[in-house]
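Below is one structure, written out as structure tokens; comments come after it.
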There are 2 protein chains.
Amino acid sequence: MNIRLYHARILTMEKDRPVFRGEVWVKNEKIVYVAEDEELKRELGPDFVKISWDLEIDCRENLLMPGFKDAHTHSAMTFLRSYVDDVPLQKWLNEKVFPLEAKLTEEDIYHLTRLAVLEYLTSGITAIFDMYVKPDATARACLDMGMRCVLNSGLNNFTSSIEQVEEEYLKWNRKNSLISYQLGFHAEYTCSRELLYQLAQLSHKYRAPVYTHLSETARETQECKARYGMTPAVFLDSMGLFAFGGGCYHCVYMSEADLDVFRRRRLFAVTNPASNMKMASGVAPVAEMIRTKIPVAIGTDGPASNNCLDMFREMFLVTGLSKLKENDAASLDAEQVLHMATVQGAKAMRLAKSDVLAKGKYADMILLDLHQPNMQPIHNIPKNIVYSGSKSNVAMTMINGKILYRDGHFNVGEDPERIYAECARIVRRLTGQEDA
Amino acid sequence: MNIRLYHARILTMEKDRPVFRGEVWVKNEKIVYVAEDEELKRELGPDFVKISWDLEIDCRENLLMPGFKDAHTHSAMTFLRSYVDDVPLQKWLNEKVFPLEAKLTEEDIYHLTRLAVLEYLTSGITAIFDMYVKPDATARACLDMGMRCVLNSGLNNFTSSIEQVEEEYLKWNRKNSLISYQLGFHAEYTCSRELLYQLAQLSHKYRAPVYTHLSETARETQECKARYGMTPAVFLDSMGLFAFGGGCYHCVYMSEADLDVFRRRRLFAVTNPASNMKMASGVAPVAEMIRTKIPVAIGTDGPASNNCLDMFREMFLVTGLSKLKENDAASLDAEQVLHMATVQGAKAMRLAKSDVLAKGKYADMILLDLHQPNMQPIHNIPKNIVYSGSKSNVAMTMINGKILYRDGHFNVGEDPERIYAECARIVRRLTGQEDA
């Protein structure tokens, strides 16, 4: 499939390259050409339009850019959206989430993940880093719909074993370019020291990075200190878990020693501002991390705690909460935030070929509609996206060279209404509630 | 014009009335009937479908509710969107905003306001409380497009006089049901004591409420104390400005004495969370105000400081920032926030007939698309709206019985592209910049 996207504004997200007008050409799953209009004329003359295209898209001066990378989520938790809200994290997990999750079947997770994938597409998210039980179901949903997904094992004392994790790791890292798998565990407070030790060994065996929830609440860090005499990052590092890098989700309560572990191990901090607000967990020290060279990516967290899967909301919150926390209106400007939501996300997820728009990269890109009132006037496109952007600006989402969402219509091999109905059925079974 | 909206879920926003399935009938600018399907069958039998409708809309089980009230904005500031960002309020006002504003013509304000109106419609905002220079231009833009607007004089030492304000007050309170006018002044720090005294007299003459920016930054309250020995609310009240009620925008730094003035004078606090974040001004004590019976409405503030006009973003921020500030995940639930964004907004703006969906009220309503992934599953519709909602859910915006926006298309008597082009031309003239 040869696709030509022309009459575009283009933001490749390559370093120091501003928006230009030009074209992007796609062949099968890859980008084969990105060029300014001037360069095209000079290099190819008028003849290139005679190339036989399968599809030509007039972008109408709208913006092509890399899709957003949702670097932390639990997709299948769609079933809990607006079901449990307004309670703090530990109560929420123990009394509400875990009991219902225990009832989930693999088939449930498949359908509930598909609902989340629809939503990612509406928000221009082209890859997700998904930690959930039964990752085979998540992978199957993403494969069936065309979503790029990095699975992340949520190893803990209750729902899986180190043997399962190793088996999944091997299986999903050789199967398909859309799916990969990274080692991970749920959190320090849900894993025994023995289990963590086993995971560290596995990480050393494959020289693989490890990811986990970390320092999301003050209570979590206090309990870890009481248990092990160390803050979570320091303790986990002492177990050898970060010898090959990786990253941590949330990172709200970070000591100097924790930040030092991040720098030394080159760990990614994945910030989840909406979830941290809604759960009253706190505000991560993102600006401080950026200043001291800790790489930061952005995640929505799951739809039960957020409650939506919207990278525009997260981007505004990253800068807005940082401005408040630092008492500085200049803190974290729009370009820094866009970088986190695209390039840094791809790096955190080890998706080296999905970071920018350039020849040889996967065609994971979005078209943002600038012909809408919230994008006018066009003083500064990165600022427009981060400060004014919304799901309603996503005109197209392409993953692996395939257009999965365009002008409000999905092309994912299934009617959304059937997915909604399937999920409603699951929710009724799990909760005993009827639709409102 | 008779319009029947059927197959709807309906949230009237009347007290303690949950979502039900039914119909809303509109005749000219008013709602003439709101009924549950069961009631309709019982009262009217099957014959009502023989009424000759000018338009029948199948709502497909989507949600009809009152439109949002944007209780504080400066619409015409669209020209500054993404032009000046990442600087604190006073610097932003003095070095960036005021010099450019001085160049604005009435014609500029007309076009720039029209751009904002397009955006309000995409966000389901059906009435705005607009403070800006040259309110005649704002009124003309709103009238031409069909937007409901309450003008609010931004009296200050530089751009208008008390005589002008009185003239505008009389003119716009008798002219048209879409436009009304409330007395106001820019802020304590931009008005002389003499000018404030004149406005207080005018307020007494017409027994009229008064509105103003108040305690937006710590610096503002400190300077007021240095100048007058009182915090802003206490000082302004001592001038007699709030004898007939009114309200204040921002209200971030509130002393006990300030809160007491609000309770005694029954003033509305209009919170502007996105603007207060982006300017690093702070977080208003909304939960505390609600607990102590101070009515709170929500405003976007102008597009220069926010930068978008999106009530969904504001609603999430009202609850999210409150949860953080109070360190309580239960702070300000979704129903309270929806109430602020609709009923309380209407009350703050003195739009008694635009608050809820009921017989005799103005047909100012929106249809929210629940057939989108971010609104599924349907456990709890108010929570879905506040925690997961987005502009992309706004399927229709009706004001005064007229459908101004539907399925992404505007019906405002002008092609949006012409408005964008006009605004781009103005921006080039004012800033000397070219489009990105």
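The values are calculated or read from the model by the stated rules, or taken from the named source; none is laboratory data. Just so it is clear, the structure is predicted and the values come from calculations on it, not from any experiment. For neighbour counting, all protein chains shown are included, and Cβ atoms are generated from backbone atoms with ideal geometry for every residue, glycine included.
Could you tell me which of the residues B:171, B:205 is among the basic types (Lys, Arg), farther than 25 Å from residue B:411 by Cβ and in contact with a strand residue (DSSP E or B) (Cβ under 9 Å, 6 or more places away or on another chain)? None of the other options fit; the residue is B:171.
Does residue B:122 count as touching a Phe, Trp or Tyr at 6+ places or on another chain (Cβ under 8 Å) and either among the small types (Gly, Ala, Ser) or within 20 Å of residue B:350 (Cα to Cα) (or both)? Considered against the rule, which asks whether it is touching a Phe, Trp or Tyr at 6+ places or on another chain (Cβ under 8 Å) and either among the small types (Gly, Ala, Ser) or within 20 Å of residue B:350 (Cα to Cα) (or both), residue B:122 comes out as no. In region A:284-312, the residue that is surrounded by the most Cβ atoms within 10 Å (Cβ to Cβ) out of those that are among the β-branched types (Val, Ile, Thr) and under 19 Å from the mean Cα position of the chain (by Cα) is A:300. Name the residue that is nearest to the other protein chains (Cβ to nearest Cβ), counting only residues in region B:265-283 that are of a type in the set (Lys, Arg) and either in contact (Cβ under 8 Å) with a residue 60 or more places away in the chain or in a helix (DSSP H, G or I) (or both). Per the stated criteria, the residue is B:278.
When region A:12-26 is filtered for residues that are under 25 Å from the mean Cα position of the chain (by Cα), of a type outside the set (A, V, I, L, M, F, W, C) and surrounded by fewer than 20 Cβ atoms within 10 Å (Cβ to Cβ), the ones remaining, listed by number, are A:14, A:15, A:16, A:17, A:18.
Let's see how each residue does on (1) without any contact (Cβ under 8 Å) to a residue 40 or more places away in the chain; (2) under 23 Å from residue A:113 (Cα atoms); (3) out of contact with any helix residue (DSSP H, G or I) (no Cβ under 9 Å at 6 or more places or on another chain):
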| site | (1), (2), (3) |
| --- | --- |
| A:285 | no, no, no |
| A:292 | yes, no, no |
| A:306 | yes, yes, no |
| A:310 | no, yes, no |
| A:313 | yes, yes, no |
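Here residue A:324 meets the list (1) out of contact with any Pro (no Cβ under 9 Å at 6 or more places or on another chain); (2) among the aliphatic types (A, V, I, L, M); (3) more than 10 Å from chain B (Cβ to nearest Cβ) almost entirely, failing just condition (3). When the criteria are applied in full, residue B:165 meets the requirement of being of a type outside the set (D, E, K, R) and either over 19 Å from the mean Cα position of the chain (by Cα) or over 30 Å from residue B:411 (Cβ atoms) (or both).
For region A:164-220, the tally of residues that are acidic (Asp, Glu) and surrounded by 20 or more Cβ atoms within 10 Å (Cβ to Cβ) stands at 3.
Does residue B:305 satisfy the criteria of being in contact with a His (Cβ under 9 Å, 6 or more places away or on another chain) and polar (S, T, N, Q)? Considered against the rule, which asks whether it is in contact with a His (Cβ under 9 Å, 6 or more places away or on another chain) and polar (S, T, N, Q), residue B:305 comes out as yes. Taking the criterion of being in contact with a helix residue (DSSP H, G or I) (Cβ under 9 Å, 6 or more places away or on another chain) and either assigned to a loop (DSSP other than H, G, I, E, B) or basic (Lys, Arg) (or both), the residues of region A:1-12 that qualify are A:4, A:9, A:11.
Residue A:312 fulfils the conditions (1) closer than 30 Å to residue B:375 by Cβ; (2) touching a strand residue (DSSP E or B) at 6+ places or on another chain (Cβ under 7 Å); (3) not polar (S, T, N, Q) except for a single criterion, (2). Region A:83-145 holds helices (runs of 4 or more DSSP H) entirely within its bounds, and those carrying 3 or more residues that are closer than 18 Å to residue A:433 by Cβ map to A:98-101, A:106-122. Based on what the data block shows, is residue B:254 over 15 Å from the mean Cα position of the chain (by Cα), surrounded by fewer than 24 Cβ atoms within 10 Å (Cβ to Cβ), of a type in the set (A, V, I, L, M, F, W, C) and modelled with pLDDT of 95 or more? No, not satisfied. For residue A:344, the test of being in the same structural domain as residue A:75 (by TED's automatic domain parsing) and buried (at least 22 other Cβ atoms within 10 Å of the Cβ) is passed. Output yes when any residue across region B:156-176 is in the same structural domain as residue B:214 (by TED's automatic domain parsing) and closer than 25 Å to residue B:395 by Cα, and no when none is. Within region B:156-176, none of the residues are in the same structural domain as residue B:214 (by TED's automatic domain parsing) and closer than 25 Å to residue B:395 by Cα. Scanning region A:389-436 for residues that are in a loop (DSSP other than H, G, I, E, B) and more than 7 Å from every other protein chain (Cβ to nearest Cβ) returns A:389, A:400, A:401, A:407, A:408, A:411, A:412, A:413, A:414, A:415, A:432, A:434. Across region A:74-104, the qualifying residues are those that are among the aromatic types (Phe, Trp, Tyr) and surrounded by fewer than 24 Cβ atoms within 10 Å (Cβ to Cβ), and the one among them that is farthest from the other protein chains (Cβ to nearest Cβ) is A:98. Entry remark, region A:56-69: residues being touching a residue at least 60 places away in the same chain (Cβ under 8 Å) and either assigned to a loop (DSSP other than H, G, I, E, B) or more than 24 Å from the chain's Cα centre (by Cα) (or both) number 6 in total. Which members of region B:289-321 meet the condition of being away from every other protein chain (no Cβ under 14 Å), among the basic types (Lys, Arg) and part of a helix (DSSP H, G or I)? Within region B:289-321, B:291 is the sole residue that qualifies.
Taken over region A:13-46, residues that are touching a helix residue (DSSP H, G or I) at 6+ places or on another chain (Cβ under 7 Å) and touching a residue at least 24 places away in the same chain (Cβ under 8 Å) amount to 3.
Among residues of region A:377-388 that are more than 7 Å from every other protein chain (Cβ to nearest Cβ), those with a beta-carbon under 7 Å from a residue that is assigned to a helix (DSSP H, G or I) and acidic (Asp, Glu) at least six positions away or on a different chain give the pairs A:382/A:335.
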